[in-house]
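In what follows, a structure is listed as structure tokens, so that the remarks can point back to it.
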Amino acid sequence: MNKSNDIFANLNDRQLEAVKYKSAPLLVLAGAGSGKTRVLTTRIVYMIQSGIAPEEILAVTFTNKAAKEMKARVARQVKSPVTIGTFHSICLGILRKNAAHIALAGDFTIYDDKDQLSIVKDCMKSLDIDEKMISPKQVRERISRYKDQLQSPKEAADDEANYDDAYFVPIYQKYEERLKSCNGLDFGDLIAKTVLLFSTVPEVLETYHRQFRHILVDEYQDTNFAQYMFINQLAGKHRSITVVGDPDQSIYEWRGASAENMLKFEKDFKGAKVIRLEQNYRSTNTILKAANAVIARNSNRKPKNLWSEKGEGQLIELYRAQTDRMEAQNLIHKILMAKKEGYRPKDMVGFYRTHSQSRVFEEELRRNNIPYTIVGNVKFYARKEIKDLLAYLKIICNAGDEVNLLRIINTPKRSIGKTTVEKLRALGHHQGLSLYEAIGRYSQEPETPQRLKKILSHFYQMIRIFRESSQVLPLSGLLQTVIDTTGYVAALEQENTLESKIRIENIREFFASVKEFEESLRGEEPSNVFQAYLEFISLQTEIDTWHEEDEFFTLMTLHSAKGLEFPVVFMLGMEEGLLPHANAMNASFEELEEERRLCYVGFTRAMEKLYLSYAMSRRIFGYTKRQHPSRFLYEVPSKLLNRTVDDFSDYNDGDHLDDYGFEGEKVRYY
């Protein structure tokens, strides 16, 4: 372990005060780029050096990326293990150990967004509710929001807030029944079921009170009600809690987050100390002055003023384009100019409000041979071939998982039609069997046609052998067995199309990722590695599969921007109706303030250069519309701006190919 004095190196006075504060509880208002991760990790190290047992510390954050970074920083200072993880991973671990207390089997499956949508559609079909009556995606999102608020179908029925509750409530009820019969949980359940466990089984909560006496929470402003309750349950007894965050960066209200949780922290934990971190280590003062001026217009916040020792820096460039196409061409022009100045593609990012804005920028990036990545479009683990193979692995782990069994029962083709599947499901529901058990039973029935009996028996025995093999085979060996036995890749090879070849390449990449994960847990029992991998995959987010070291220009929505920084930032489509979004303009005052926070987050990702642009006309859903500059642009002091209009006199179309050296892969989606 390093000497205690070493850990205080490079901390400013406010950071040092937060690290060494010994009384509890503590609220750290950490402005963008103010070193909050450094404060959190150094505080953990200091607590251990002060005599607190490492195993008594729990640090919770929102993303795998942030958790990984915190673990690495702490590990450089102390060798003893500290529990650091996301809300979902921490709750998953608690539920795996204590599932039986709430009538849940420990081998439950975690369903992602696509799985949830599939279940919702199936529930609607069984209830004879047409998708024209209520959107399946809307149902899925509403279910998630109710779970964020810890509200059951009964409470949703009592709420009666919307005219379509007559459709929604029965679907929600059926959805919960389906999850229970499949022994499955969705993401919202991981938190909600843990809160339920702690509420109904006090001895389990007491166990975790003894285990985790000191709680630290990152990005506290992004907690929803369920997460808020979880933290309060854990920290309520010892009150040794440190929360770090910034209400000005609360941008996830649409998915249940509430900045109010942070704003009322001092009421929840009487006597809490408040420390403000206002020195920014990321951006120039010009950028920070613009960000401060914009966010100051919000009323629901705790005032602070970011400043930096990096100097004033360059003025912010504000560009007005006649059309969205010209805005995209200006983006190319500025990328190439930045490349001439020594910036690399990975140093730059283009932020927009919604993915629908990306098309025109993509077209110009492709046309100019500039390699780029899009964060948040097609996820690797959401591709069909990967989802199919993961479905096999999930069935091996949990044979009661009807959702994934339905996905692969006829993949690759094995002549099990829809009529047979419905008959099997009816048999299972009638006799209280899982779909897998119903397959085994039906394959033995005398009246089952001989040909179908053979097919079903082969499938049933194949899954049974896979399940037995999972106890002894390494994870990569199990996956290879699945691929070989099912003939999945062989079927793709037989197709011999460009699409099938791409899918085979994706499977190879998937296999490589499995091998890499397996290596990271060398020495563990195969069954433990298998379970750990399924949990790792289930908890992946789109930002976790983006690699900032890759040589690509990045496009992403502002909602994906949290926790990132780039030397050069382009804020694209700064127009009324886009930022702020039209939905917020016609909604509540609170929603408009969240749009302003989105703008603030975008500004504060920039380290050296910030470009703002808007178009006077834009083609939206096939129609050309007259656009107006975003109100947020008027909130930036004019002295901080350098205004430009359509002018490419110094841009020679074509010089980029030889002079700027962009080559290699042209696009990647995450």
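The values are calculated or read from the model by the stated rules, or taken from the named source; none is laboratory data. Keep in mind that this is a model prediction, so the values were computed, not measured. For neighbour counting, all protein chains shown are included, and Cβ atoms are generated from backbone atoms with ideal geometry for every residue, glycine included. For the accessible areas, the whole protein counts, side chains as well, though only heavy atoms, and no ligand, DNA or RNA atoms are used. Shrake-Rupley method; radii C 1.70, N 1.55, O 1.52, S 1.80 Å.
Would you work out the relative contact order for the stretch 582-629, in percent, from Cα pairs under 8 angstrom that are 6 or more residues apart? Relative contact order for the stretch 582-629 comes out at 20 percent.
Two numbers describe the Cα atoms of the stretch 84-237: Rg and Dmax, which are 16.4, 52 Å. The C-alpha atoms of the chain define a longest principal axis, and helix 358-367 lies at about 80 degrees to it.
I'd like to know which of MET133, VAL274, HIS214 lies farthest towards the positive end of the charge dipole of the stretch 132-287, counting +1 on Cβ of Lys and Arg and -1 on Cβ of Asp and Glu. After comparing all options, I get HIS214.
With a 1.4 Å probe and every protein chain kept in, tell me what percent of the accessible surface of the stretch 237-304 is carbon plus sulfur.
Numbers: 1120 of 2550 Å².
Carbon and sulfur together cover 44 percent of it.
Taking the longest Cα principal axis of the chain as reference, the axis of helix 225-235 is set at about 90 degrees. At an R0 of 45 angstrom, the distance between the Cβ atoms of LYS515 and HIS430 translates into a FRET efficiency of 0.55. Between VAL568, SER476, LEU196, the Cα set farthest toward the positive side of the dipole of the chain (charges on each charged residue's Cβ, about the Cα centre) is that of LEU196.
Quick one: order HIS429, HIS101, HIS581 from most to least accessible surface, probe 1.4 Å. Mind showing how you got there, number by number?
On the way: HIS429 120, HIS101 100, HIS581 45 Å².
My answer, sorted largest first, is HIS429, HIS101, HIS581.
Every Cα-Cα pair in the stretch 429-528 was counted, and those over 24 Å apart are 44% of them. For the chain, the longest principal axis of the C-alpha atoms and the axis of helix 36-49 are separated by about 70°.
Whenever you get a sec, compute what percent of the accessible area on the stretch 120-221 sits on carbon and sulfur atoms (1.4 Å probe).
Details: 2370 of 4760 Å².
Looking at the stretch 120-221 in its full context, I get 50 percent from C and S.
Run the dipole for the chain about the Cα centre, Lys and Arg Cβ at +1, Asp and Glu Cβ at -1, nothing else charged, and hand back the magnitude in debye, nearest 20. Don't skip to the end; give the middle numbers.
Working: 93 positive and 94 negative charges, 190 e Å.
So the magnitude is around 920 debye.
Determine, from the Cβ-Cβ distance of ALA105 and SER415 and an R0 of 35 Å, the FRET efficiency 1/(1 + (r/R0)^6), rounded to the nearest 0.05. Efficiency, from the Cβ-Cβ distance: 0.65.
Taking amide H as placed 1.01 Å from N in the peptide plane, the amide H of GLU576 sits under 5 Å from that of HIS628, SER630, ARG631, each at least 5 places away or on another chain.
About the Cα centre, and with charges only on the beta carbon of Lys, Arg (+1) and Asp, Glu (-1), how big is the dipole of the stretch 166-294? Nearest 20 debye, please. Walk me through the intermediate numbers first.
Details: 16 positive and 16 negative charges, 64 e Å.
Value, rounded to 20: 300 debye.
Please report, to two decimal places, log10 I(q)/I(0) for the stretch 146-267 at q = 0.20, 0.23 Å⁻¹ as given by the Debye formula with identical point scatterers on the Cα atoms and no solvent. Values returned for q = 0.20, 0.23 Å⁻¹ are -1.17, -1.30. Count the net charge of all other residues whose Cβ sits under 11 Å from the Cβ of GLU493, scoring Lys and Arg as +1 and Asp and Glu as -1. Result for the neighbourhood of GLU493: +1. Taking a sphere under 11 Å around the Cβ of LYS609 and counting the other residues whose Cβ falls inside, with K and R at +1 and D and E at -1, yields a net charge of -3.
Across the stretch 77-92, rounded Karplus estimates of 3J(HN,Hα) from the backbone phi angles (6.51 cos²θ - 1.76 cosθ + 1.60, θ = phi - 60°) give 9, 9, 8, 5, x, 10, 7, 10, x, 7, 3, 5, 5, 5, 5, 4 Hz, Gly and Pro being marked x.
Length, then width, then depth: along the principal axes, the Cα atoms of the stretch 1-134 run 67, 35, 26 Å.
Using bins 5 angstrom wide from zero, how does P(r) for the stretch 250-296 break down, in % of all Cα pairs? For the stretch 250-296, the pair-distance distribution reads 5, 14, 15, 18, 20, 19, 7, 1. Using R0 = 25 Å, the C-beta based FRET efficiency linking LYS180 and LYS237 works out to 0.20. Ignoring lysines fewer than eight residues from LYS137 along the same chain, the ones with Cα atoms less than 22 angstrom from its Cα are LYS114, LYS121, LYS125, LYS147, LYS154, LYS174, LYS180, LYS379, LYS384, LYS387.
Over the chain, the hull volume per residue, using the convex hull of the C-alpha atoms, is 180 Å³.
Of the residues SER520, SER152, ranked by 1.4 Å probe accessible area with the largest first, the sequence reads SER520, SER152.
Over the residues of the chain, the helix contribution to mean residue ellipticity at 222 nm works out to -15000 deg cm²/dmol, using -39500 (n - 2.57) for each DSSP H run of at least 4. Computed extension length for LYS132-GLU590: 161.8 nm, one decimal, from 0.36 nm per residue of separation with the Cα-Cα distance subtracted.
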